[in-house]
Amino acid sequence: MQIIHVAAECYPAAKVGGLGDVVGALGKYLNLSGHRGSVILPMYNTKYISNHSWELVFTSIAQLGIGDIEYRIFTDPLHTLGYELFLVDIKGLLDRDQVYGYEDDSTRFIAFQTAALDWISKSEQKPDLINVHDHHAALIPFMMQHCPCFSDLKNIPTVLTIHNGQYQGVMEWGNSVVIPKWDSWRWGLLDWNKLINPLASGIRCASRVTTVSQGYLKELRHHSNGLETLFEMEWHKCRGILNGIDTEVWNPETDKALAQTYTERNSEIGKYKSKKILCEQFNLDLEKPLFVFIGRLVGEKAADLLPQSLINSFHKIGRKMNFLILGSGQTEIENELNYLKQFSQNDYNAYIGYNEDLSHLMYAGADFILMPSRVEPCGLNQLYAMRYGTIPVVNNTGGLHDTVMDIGEPNGYGIKMSHASENEIIFSIYRAIECYADKEKLKQVIKQIMQLDFSWDKSIHNYIDLYESLILEN
Ligand code: ADP
């Protein structure tokens, strides 16, 4: 099968969060499974894209509703990443330093989707299926069916994968003029609550909708930021497919970011070496258990609860543990986490920013990873952490519900809170410290989590089965 993925992120070319990891891995593992998976991504000015040389493969003009745009398609002829990565270059719109966060994001992503479709429709060989990801690419199924200029793509099946249903790309109806000429009587397929809602449109128009875990799929029916009734109506099309992890990128046996690589057999010394580096670098106490948080500092991740929960943990449990935070996001949360540094007694620190290498060192050197998330569609951090022998301390939601079993259950290996609150976080930290004190139990749990298999080798087949059934139906 030839499958094209269209997305706003793809690791290592452009990554903000889990979307990037998953899209990159899907391309790679489809190829490893004998299919042809490729990815189309905007050509941003990210470090990776700027530092690599790209070959120009196509130049053309696409017709946006507001006028023509010139676009160019670049690729890496050597397929260094194990799949074909195609970059869409539109001068002035896509060539920015950041992936998101610009006032004209709506126009940017409509232009990206239009150029991607224009190129596909002008290519001789058409893909068997197009898999679009999140709202930035979710207008594609509508455009394939209802923009006359893409009518030759009408019969190609599409899958919309929702990595995060909270973000829907909502825009005013004024933006409808940017979309290439479309069948205006079909406006209802773009509309949700009197606004254009790309995610809602994708849910309606795609042949199938997938989300990144079964648990999250069930939640979307009841909590999906206003789309609950739509999920109810389109439920028959929806599937939950758990993400995997790229075990070549996330492998403690080969990871160059670690102080010392390790396997399950020498994890004690391997983890200790990375913890030592972290403790030296961040002024922490090597003797105490190390809890880390890695991620976006936003309400979804319950990062707003962290400052007070950590202070209260010190008050209620005592200064028996270290905390190290890596993340960026809402300014108030960043400021509060920075402010706490002055009260550290060699047991608290925070790195505000994005740092891929540091995240690897933290997955290895930590004893526990803290994820009190209010919403977690799949969550990759707990999967990476477990592969590196770090015990997950998580809220029982979405993908965390599906991938972590509490140590209180038979064969359990993590610590689960029943909801995201300060008290639950403190209680979970207390339980983790108890577990840390029981060295035999700790060893057994670390061994167990390092043996769990959350690799793409296992989960890519669920995507392949879905693609095959849609292509056959066609
Ligand atoms: P989300 O996509 O909702 O942010 P996921 O758990 O699916 O959450 O994926 C998060 C990914 O982003 C992981 O690979 C994590 O290591 C990475 N990440 C998040 N914040 C940072 C950061 N500040 N520095 C380095 N990596 C980060």
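The values are calculated or read from the model by the stated rules, or taken from the named source; none is laboratory data. Keep in mind the model is a prediction, meaning the values are calculated, not measured. For neighbour counting, all protein chains shown are included, and Cβ atoms are generated from backbone atoms with ideal geometry for every residue, glycine included. Side chains included, ligands, DNA and RNA excluded: accessible areas come from the protein's heavy atoms. Shrake-Rupley method; radii C 1.70, N 1.55, O 1.52, S 1.80 Å.
Numbers at a glance
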item: Total residues in segment 175-191, condition assigned to a loop (DSSP other than H, G, I, E, B) and touching a His at 6+ places or on another chain (Cβ under 7 Å); result: 2
item: Filter result for residue 124 (in a loop (DSSP other than H, G, I, E, B), over 17 Å from residue 4 (Cβ atoms) and either free of Cβ contacts under 8 Å to residues at least 24 places away in the same chain or in contact with a Pro (Cβ under 6 Å, 6 or more places away or on another chain) (or both)); result: no
item: Condition met for residue 280 (part of a helix (DSSP H, G or I), assigned by TED's automatic domain parsing to the domain that holds residue 367, surrounded by fewer than 17 Cβ atoms within 10 Å (Cβ to Cβ) and touching a residue at least 40 places away in the same chain (Cβ under 8 Å)); result: no
item: Unique match (being touching a residue at least 24 places away in the same chain (Cβ under 8 Å), open to solvent by less than 20 Å² (accessible area, probe 1.4 Å) and acidic (Asp, Glu)) among 255, 285; result: 255
item: Selection status of residue 341, outside any helix (DSSP H, G or I) and more than 16 Å from the ligand (Cβ to nearest atom); result: no
item: Of all residues in segment 381-402 being under 23 Å from residue 289 (Cα atoms) and part of a helix (DSSP H, G or I), the one that is nearest to the chain's Cα centre (by Cα); result: 381
item: Within segment 206-231, tally of residues that are assigned to a loop (DSSP other than H, G, I, E, B) and within 22 Å of residue 140 (Cα to Cα); result: 7
item: Residue among 44, 48 that is outside the structural domain of residue 354 (by TED's automatic domain parsing), surrounded by fewer than 18 Cβ atoms within 10 Å (Cβ to Cβ) and of a type in the set (Phe, Trp, Tyr); result: 48
item: Check on residue 116, more than 20 Å from the chain's Cα centre (by Cα), surrounded by 21 or more Cβ atoms within 10 Å (Cβ to Cβ) and more than 16 Å from the ligand (Cβ to nearest atom); result: yes
item: Test: residue 403 is among the β-branched types (Val, Ile, Thr), within 16 Å of the ligand (Cβ to nearest atom), closer than 30 Å to residue 219 by Cα and open to solvent by 10 Å² or more (accessible area, probe 1.4 Å); result: no
item: Residue selected from segment 6-40 under the condition assigned to a strand (DSSP E or B), away from the ligand (no atom under 13 Å from the Cβ) and among the small types (Gly, Ala, Ser), by the criterion surrounded by the most Cβ atoms within 10 Å (Cβ to Cβ); result: 37
item: Those residues of segment 147-171 which are part of a loop (DSSP other than H, G, I, E, B), closer than 25 Å to residue 37 by Cα and within 16 Å of the ligand (Cβ to nearest atom), in sequence order; result: 163, 164, 165
item: Single residue of 338, 349, 312, 355 found to be surrounded by fewer than 20 Cβ atoms within 10 Å (Cβ to Cβ) and in contact (Cβ under 8 Å) with a residue 60 or more places away in the chain; result: 312
item: Count - residues of segment 329-380 that are under 16 Å from the mean Cα position of the chain (by Cα) and at positive phi; result: 2
